[in-house]
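Take a look at the structure set out below.
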Amino acid sequence: MYRVPTLVLHGDERDRSGLLGRPARRWSELTFRSLCSGGSLFVLLLIAAIALFLVVRAAPALHRAGWHFFTERQWFPDDPKARFGIAALAFGTVLSSLLALLMAVPVALGTALFLTELAPGRVGRAIGSLVDLLAAVPSVVYGLWGVFVLVPTLIPVERWFNDNVGFVPLFDNRFGTYGRSVFAASVVLAVMVLPIVAAISREIFGQVPQANREAAVALGATRWETIRLAVLPYGRSGIVGAVMLGLGRALGETIALALTLGSVYAVNFDLLGPGGNTIAANIANRFGEAGDAGRGALIASGLVLFAITLVVNIVARSVVYRTALAAEGGP
């Protein structure tokens, strides 16, 4: 009968075969998994702790104001007989953020496409580094630049819009004063959001397979058709994520808006007048001089901003997931 030969490994040969290294690798994998799981759990606990702190400190103000806290436009929390609420603040927060995205996203996507598709390699890397530096500038510097440089520069522009396009409610300045406005604050906010959206979009476009571009060119597509048919569809989910991340940054910006916005509590679409305020800017401006009741109300407004930001991120993740699933041909 034919006997199958067996392989016998001795000490040195077992070490070289890696059999004795499996327990060490197993422990390293367990350690790495524990560290990653612990870090994720710590982040979740930190978010929960922040939410719990906001809820506990905001509860007295919310109980006192009731549902009027979400509908009232005025802000007099230290007056026990006056109503107060965040309707005007929430409106100003959403309006300024959306207007900033409307100005920043086209410029950011155009910049990312130029750096990845049109510019030579060295030029693209150099300009990309300069664009990334915009994200490292502190927000207070943007605010000071907005107050002393941008706001005076935009006054003639705002007057021109009011004189020539004043029949549109967005550009109808009924007060006749110009300077610190929602329009000026949104321009500053757009400059702050632009490097975030541009940097993420540039990385997304850089990951598009070169075969996609070559296939489009082989079929006779022009440069623009190649970008439209091969580059943009591939990075659609990443673009949505970049825009939503920029929206989250815009919703939570504080110092720059506190310096460039007015302090009028009103719900209107006048972009050129001295109106508008945001939740974050109101907290920064009012917290130092507020009493106990006022601080509780400010914390309550911070709780609402926290909830808005959380909802925006959840919606962003859902949109990115559905977009990526549709791009892969899923249900």
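Between L134 and T31, the contour length at 0.36 nm per residue exceeds the Cα-Cα span by 33.3 nm.
Computed extension length for V168-N212: 11.4 nm, one decimal, from 0.36 nm per residue of separation with the Cα-Cα distance subtracted.
Computed from Cα positions, the angle between helix 121-134 and the longest principal axis of the chain comes to roughly 50 degrees. Spacing of the modelled spin labels on V264 and V55, each 7 Å from Cα toward Cβ, amounts to 3.8 nm. Net charge in the neighbourhood of G110 (other residues with Cβ under 12 Å of its Cβ; Lys, Arg +1, Asp, Glu -1) is 0. Seen against the Cα atoms of the chain and their longest principal axis, helix 87-113 is set at about 50 degrees. Protection proxy ranking, highest mean first, for peptides 49-57, 65-73: 65-73, 49-57, where packing is the per-residue count of other beta-carbon atoms within 10 Å, averaged.
Relative to the longest principal axis of the Cα atoms of the chain, the long axis of helix 22-65 makes an angle of roughly 10 degrees.
For Cα Rg over 2.2 N^0.38 Å, computed directly from the structure shown, the correct entry in (i) 1.52; (ii) 1.09; (iii) 1.36 is (iii). In the chain, helical runs assigned H by DSSP with n ≥ 4 each contribute -39500 (n - 2.57); averaged across all residues and rounded to the nearest 500, the mean residue ellipticity at 222 nm is -22000 deg cm²/dmol. Calculated FRET efficiency, L229 to S318, Cβ-Cβ distance, R0 = 25 Å: about 0.40 to the nearest 0.05. Springs join every pair of Cα atoms under 10 Å in this Gaussian network model of the chain, and among L189, L257, L62 the largest mean-square fluctuation is at L62. For G179, what charge total do you get from the other residues with a beta carbon under 14 Å from its beta carbon, if Lys and Arg give +1 and Asp and Glu give -1? Combined, the nearby Lys, Arg, Asp and Glu give 0.
Read-outs: derived from the displayed coordinates by stated rules, not from any lab. Keep in mind that this is a model prediction, so the values were computed, not measured. Cβ sites come from the backbone with ideal geometry, for glycine too, and all protein chains shown count toward neighbours.
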